[in-house]
Amino acid sequence: SGQTHNVPRPSIMASSAATALYKYTYTLGRSLYVPLTSRCNSVPLPQTRGPGFLLPREVVEALVRVRQAEQNLPLDFDLTPYRSGLDDDRFSLPPYDMPVVNGLYPPASLASFTEYNQKKRGEREQDANALYEDDSLQPPISTLLDEITSRIQPDTGNFTNEFDHVVIAGEGEPTLRMEALLAVARKVKSLTGKVEKNPHNKTSHSISVRVITNGLCYGINNFGYQTKGALFPRSRHVVLRDMIEAGINRVSVALNTANRHEYDVLMSPCCYSSRNDSVMDQIKPSNGGSAENNFGSLTEHGLMPGTAHDLVVEFILEAAKVGIEVEVTGIDRPDVDTIEMDRFVRMLMSVSKAKKTPKTRW
């Protein structure tokens, strides 16, 4: 819902040495995770796992720091109230108290949106080697890239073989911050590319870049970046091309169910309907204010029941078709028909014309 609940804010406490060095990124096995936002255009994926879903301390600290940064709150906090009684090293996430959004950038009329994108394109052309343009959101893109560089290529400047994957994922939906998402992928590509061209480094290996997403990318009202003259969301499909060019070769998509209407119940999607892409200026926030000043409270516009599930399926099919390795994930719980979900994904495989076959993971 759009209501904000008064959840006690974590109290400030000293950070550990590791988390003091890395505020937002975290590691699981040989994967480096980079969360971009806590905001989401559906129920956040960790919340779909249920109230008993536990995560390592480092993960929860990083995800809550992203929340705090976006709300201009202190980054240090006490996780004691969220510690598992069975395992002192695992914690639940504090209750999620933010409304879903269908974009992090203000929608506008086509004229002003075009003018904005022309300005951004001009800035990019002035520096052809720029990895990103600052989107003025928190956490800052520059901070995320600095953490990635420090982890992958330590202060000595030597490449580390500690990671096999960089995973762009977190509590929120990463495709809401497309500029940051592409910047992270480009940074990894630039770091590993330098190593691969170094004949003296015999131990180097490539690092794949994967995005964990709810798949509602095609329902976002404004990606906030210019892509070779394309106007979003009307020309939304070229985003897959940009992801590939940036170095993203895998996506994990949370379809969760084969039933279109059950999806609406499970995920509470907040999407922009592409059939109304010529009237972007008609979108109004739920509080009746100005869309430009209140874009964090936007509600869905013209979305028919079941349409969100269709958008996710479309994203899966097109990602597979262009050569991205696709993994479809589901929720293993009593109210979801997992057998039907497996059958549905196999059907998608048969029609996707994928270079690599999508697979299901629970």
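Side notes on the structure shown:
- Computed E for His165/Met304 - FRET, C-beta separation, R0 25 angstrom, nearest 0.05: 0.10
- Residue-wise HN-Hα couplings along segment 306-319, as the Karplus relation 6.51 cos²θ - 1.76 cosθ + 1.60 with θ = phi - 60° gives them from phi, are x, 5, 4, 4, 4, 5, 5, 4, 4, 5, 4, 5, 6, 5 Hz; Gly and Pro carry x.
- In this label model, Gln71 and Asp89 are separated by 2.9 nm, measuring between points 7 Å along each Cα→Cβ vector.
- Label-point separation in nm, Ser142 to Asp78, each point 7 Å along Cα→Cβ: 3.5 nm
- Estimated distance in nm for a label pair at Ser190 and Asp337, the labels positioned 7 Å out from Cα along Cα-to-Cβ: 4.9 nm
No lab work stands behind these numbers, since they all come straight from the coordinates. Note that the structure is a prediction, hence the values are computed from the model and not measured. Cβ atoms come from the backbone with ideal geometry, glycine included; neighbour counts cover every protein chain shown.
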